[in-house]
Amino acid sequence: MRLYDKKINLVVLALLLVQLQIAFAQSPNWGMPRVANTQLPAGENTQRINNTPKAITAPRPPMGWNSWDNFGLEITEAEFKKQVDYAADKLKAVGYEYMVIDASWYSPSVSADKQSKYSHSTYARHDAELDSYGRFLPAKNKFPSANGSFKSLADYVHGKGLKFGIHIQRGIPWQAVEQDMPILGSKLKARDIANPADVCLWFNATYGIDVSRPGGQEYYDSLFKLYASWGVDFVKVDDLSMPYHADEITAIRKAIERSGRPMVFSTSPGSTPLSARYHILNNADIFRVSSDFWDTWPQLKQQFDYAKQWAIHSVNFPGRWADLDMLPVGKIATRSGDAGGERYTRFTQNEQYTLMTLWSIARSPLFISNDLTENDDFTLKLLTNKEVIEVNQQGSEQKQVLAKDGIVVWTAGHATQKNIKYVAVFNQNDGEKKVALDFNNMDLQGAFTTKDLWTGKEIGKLQSSLQVAIPGHGAILYKLTN
């Protein structure tokens with residue numbers, strides 16, 4: 001081989017290495033171990049608990065609202081109550097019920113604003129209000145009526161016929177460790193259980209917990225007994241899935257069971273590794289399958305793959321819900337820290353139909369995360385279409401049956417009415433496409449009375465095939481009855 005040939009080969013190899021580095025750097029899991037801690041919590045001598053499903057708390061995909069996409073780390077009590085009032089008035093009737101305060105409700109200062117000196121990504125040790133056992137309490141400047149407890153706010157939510165939820169960070173506050181605070185229900189203290197080698201990469205509020213040691217489970221038990229006393233119905237726990245902390249997921253499941261109050265247990269963010277699928281399906285009610293989802297078409301296209309992968313498994317586990325993340329529609333990003341800044345969603349109306357159709361037929365939890373009080377007519381109608389929501393709440397055997405040339409097709413049955421089928425057709429192409437679908441390829445037999453659920457239009461009887469024109473980035477959702 002001549003010298004210049006060797007040089008060319010070295011250049012090609014160098015370019016390939018650069019491309020691989022770029023690909024890894026763009027991956028949400030780059031540099032992160034897929035599994036962190038897999039040992040059992042203290043007191044468990046066999047894997048039996050992980051092979052025994054958690055009792056079902058959410059028999060259907062939970063629906064509700066979360067503060068993150070619009071209010072970020074700084075929602076106030078007054079703002080939260082306005083969202084609760086709106087949900088009770090306009091959303092409760094179609095099934096939205098959980099009202100969830102996301103991260104940093106315990107911190108007087110932490111901000112999602114990257115220009116702030118208290119930005120969560122650069123504020124090395126987040127401030128927080130704690131009780132004497134190292135447990136977060138509501139920040140007084142954000143929640144003036146709380147007085148060391150969310151009970152009054154939970155009572156307000158419950159009084160509206162809704163349910164109350166909070167976000168927490170995996171682990172134990174760094175302040176509790178620095179002060180070596182006692183653990184309720186144990187003779188041990190915070191430094192006996194905190195693992196400073198296992199902390200969250202993106203949030204500086206806690207140290208990880210070694211739950212294989214005595215005291216670790218007791219700390220989580222004390223947390224959820226506190227939340228039970230407040231009247232919490234839903235807990236979203238951050239930094240559990242990426243990397244995957246099987247030990248703490250199991251410990252949290254145990255703590256909820258010991259609290260005496262049913263609570264929906266939601267893990268965040270993703271992607272949850274498929275290799276942990278049986279563990280998460282036994283131990284949590286909701287589990288995120290992607291990283292944080294925002295209003296861009298490339299991210300929406302990516303969610304199709306996550307939905308397909310997880311439907312194969314979760315469809316066989318009643319009461320367990322693969323979470324495609326929240327719905328970034330309407331007015332968002334007022335204080336979220338998202339790079340796009342305060343805005344109405346960047347999704348086109350066709351893309352919003354695609355979003356809501358995929359979430360519905362894949363049976364993802366439906367959580368809105370905007371400023372509800374700024375909803376326009378389109379957003380409200382999108383979120384409250386009763387027949388579309390029925391696909392999400394009453395669907396069964398959901399699966400992707402076709403993906404070719406940018407056309408994706410999903411089908412589902414109805415949980416109780418076997419004569420009803422649902423078909424969702426998506427066009428991922430930029431321009432309109434005319435589609436002809438063969439019923440035999442979708443396990444559909446016979447003639448069907450067909451209805452377009454987004455327009456409400458009755459199509460009439462179809463037999464053996466379906467023909468439709470779909471706009472670019474758009475979707476159609478049909479109900480078929482025979």
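Quick notes on this structure:
- Qualifying residue in the stretch 243-266 (condition: closer than 18 Å to Phe203 by Cα and β-branched (Val, Ile, Thr)): no
- Output for the stretch 157-180, where each listed residue is of a type outside the set (D, E, K, R), touching an Asp or Glu at 6+ places or on another chain (Cβ under 9 Å) and buried (at least 19 other Cβ atoms within 10 Å of the Cβ): Val157, Leu162, Phe164, Gly165, Ile166, His167, Ile168, Gln169, Gly171, Gln175
- Taking the numbered list (1) free of Cβ contacts under 8 Å to residues at least 60 places away in the same chain; (2) of a type in the set (S, T, N, Q); (3) farther than 21 Å from Arg135 by Cα in turn, Ser259 passes all entries but (3).
- Set side by side, the residues His473, His414 differ, and just one is modelled with pLDDT of 95 or more, crowded, with 17+ Cβ neighbours inside 10 Å, of a type outside the set (A, V, I, L, M) and on the phi > 0 side of the Ramachandran plot, which is His473.
- The conditions of being of a type outside the set (Lys, Arg), within 19 Å of the chain's Cα centre (by Cα) and outside the structural domain of Gln428 (by TED's automatic domain parsing) are met by Asn282.
- Filtered residue count, the stretch 14-59, keeping only those that are of a type in the set (Val, Ile, Thr), at pLDDT below 95 and outside any loop (DSSP other than H, G, I, E, B): 3
Let's see how each residue does on (1) in contact (Cβ under 8 Å) with a residue 24 or more places away in the chain; (2) out of contact with any helix residue (DSSP H, G or I) (no Cβ under 6 Å at 6 or more places or on another chain); (3) of a type in the set (Gly, Ala, Ser); (4) within 19 Å of Gly148 (Cβ to Cβ):
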| site | (1), (2), (3), (4) |
| --- | --- |
| Ser212 | yes, yes, yes, no |
| Gly216 | yes, no, yes, no |
| Tyr220 | yes, no, no, no |
| Ser229 | yes, yes, yes, yes |
| Val232 | yes, yes, no, yes |
| Ser241 | yes, yes, yes, no |
| Tyr244 | yes, no, no, no |
| Lys254 | yes, yes, no, no |
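- Residue within the stretch 281-299 that is under 23 Å from Glu44 (Cβ atoms), out of contact with any His (no Cβ under 8 Å at 6 or more places or on another chain) and among the small types (Gly, Ala, Ser) present: yes
- Selection within the stretch 332-361: residues that are touching a Phe, Trp or Tyr at 6+ places or on another chain (Cβ under 9 Å), assigned to a loop (DSSP other than H, G, I, E, B) and not polar (S, T, N, Q). The member of this set that is surrounded by the most Cβ atoms within 10 Å (Cβ to Cβ) is Ala333.
- Exactly one residue out of Ala139, Ala103, Ala93 is farther than 19 Å from Ala205 by Cα, modelled with pLDDT of 95 or more and not hydroxyl-bearing (Ser, Thr, Tyr), and it is Ala93.
- Selection within the stretch 123-174 - under 25 Å from the mean Cα position of the chain (by Cα), part of a loop (DSSP other than H, G, I, E, B) and without any contact (Cβ under 8 Å) to a residue 40 or more places away in the chain: Pro138, Ala139
- Identity of the residue in the stretch 429-470, within 31 Å of the chain's Cα centre (by Cα) and part of a strand (DSSP E or B), that ends up surrounded by the fewest Cβ atoms within 10 Å (Cβ to Cβ): Asp452
- Residue in the stretch 205-218 that is polar (S, T, N, Q) and part of a loop (DSSP other than H, G, I, E, B) present: yes
So that you can scan it fast, the table gives a plain yes or no per residue for (1) basic (Lys, Arg); (2) surrounded by 23 or more Cβ atoms within 10 Å (Cβ to Cβ); (3) free of Cβ contacts under 8 Å to residues at least 24 places away in the same chain:
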site: Trp68; (1), (2), (3): no, yes, no
site: Gly72; (1), (2), (3): no, no, no
site: Val84; (1), (2), (3): no, no, no
site: Asp89; (1), (2), (3): no, no, yes
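The values are calculated or read from the model by the stated rules, or taken from the named source; none is laboratory data. Computed from a predicted structure; not experimentally measured. Methodologically, a virtual Cβ is constructed for each residue, glycine included, from the backbone with ideal geometry; neighbour enumeration extends over all protein chains shown.
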